[in-house]
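Below: the structure, in structure tokens.
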Amino acid sequence: MTGGQGRTPPSSVVLIVEDDALLRMLAADVVEDAGHVAVQARDADEALAILRTRRDIAMVFTDINMPGSMNGLELAYAVRAGWPPIKIVVASGRIRLSPAEMPPECDFLGKPYLMSDLTAQLQSLAGRNPICA
């Protein structure tokens, strides 16, 4: 998008897991505005189905409180166990998590968050090296 050298990291595919359709679409817009590709899932079950069929997911951004067989924190642990290189951000407005309560190499974003906070988080993660080569 921009012609700057070395400034914009290569685009990544970001899986957004959010049961609130409006918040999910808003997050997808932010992800795409930041130069990434957004893939959307309504819950952890749908997210896991996507992860099993796509090998291009680089990041997962998930809400914690969701209906279904597992919440977003459980999803984060499942992603870390099954797809170690994927970068993870969990978000919640109801609880605050410390790093000790999350899987390794997982970031937390409190709600309500500014769209600029989400953009900064995505850019930070995109600039990090994968956890496993």
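The values are calculated or read from the model by the stated rules, or taken from the named source; none is laboratory data. Here the structure is a predicted model, which is why all the values come from computation and not from measurement. Glycine also receives a Cβ, built like all others from the backbone with ideal geometry; neighbour counts cover every protein chain displayed.
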Worksheet, complete the sentence: Over the range 43-85, the set of residues in contact with a Pro (Cβ under 9 Å, 6 or more places away or on another chain), under 21 Å from ALA120 (Cβ atoms) and at pLDDT below 95 is ALA58
Worksheet entry | Identity of the residue in the range 85-101, within 18 Å of ILE16 (Cβ to Cβ) and in contact with a helix residue (DSSP H, G or I) (Cβ under 8 Å, 6 or more places away or on another chain), that ends up surrounded by the fewest Cβ atoms within 10 Å (Cβ to Cβ) | SER92
Fill in: Verdict on PHE108 being without any contact (Cβ under 8 Å) to a residue 24 or more places away in the chain, surrounded by 16 or more Cβ atoms within 10 Å (Cβ to Cβ) and under 13 Å from the mean Cα position of the chain (by Cα)
yes
Fill in: Selected residue (criterion: modelled with the lowest pLDDT) from residues of the range 1-18 that are crowded, with 18+ Cβ neighbours inside 10 Å and part of a loop (DSSP other than H, G, I, E, B)
SER12
Worksheet item: Which residues, taken from the range 74-84, are in contact with a strand residue (DSSP E or B) (Cβ under 8 Å, 6 or more places away or on another chain) and surrounded by fewer than 23 Cβ atoms within 10 Å (Cβ to Cβ)?
Response: ARG80, TRP83
Worksheet item: Restricting to helices (runs of 4 or more DSSP H) lying wholly in the range 25-133: which have 1 or more residues that are of a type in the set (A, V, I, L, M) and touching a Ser or Thr at 6+ places or on another chain (Cβ under 6 Å)?
Response: 72-82, 115-127
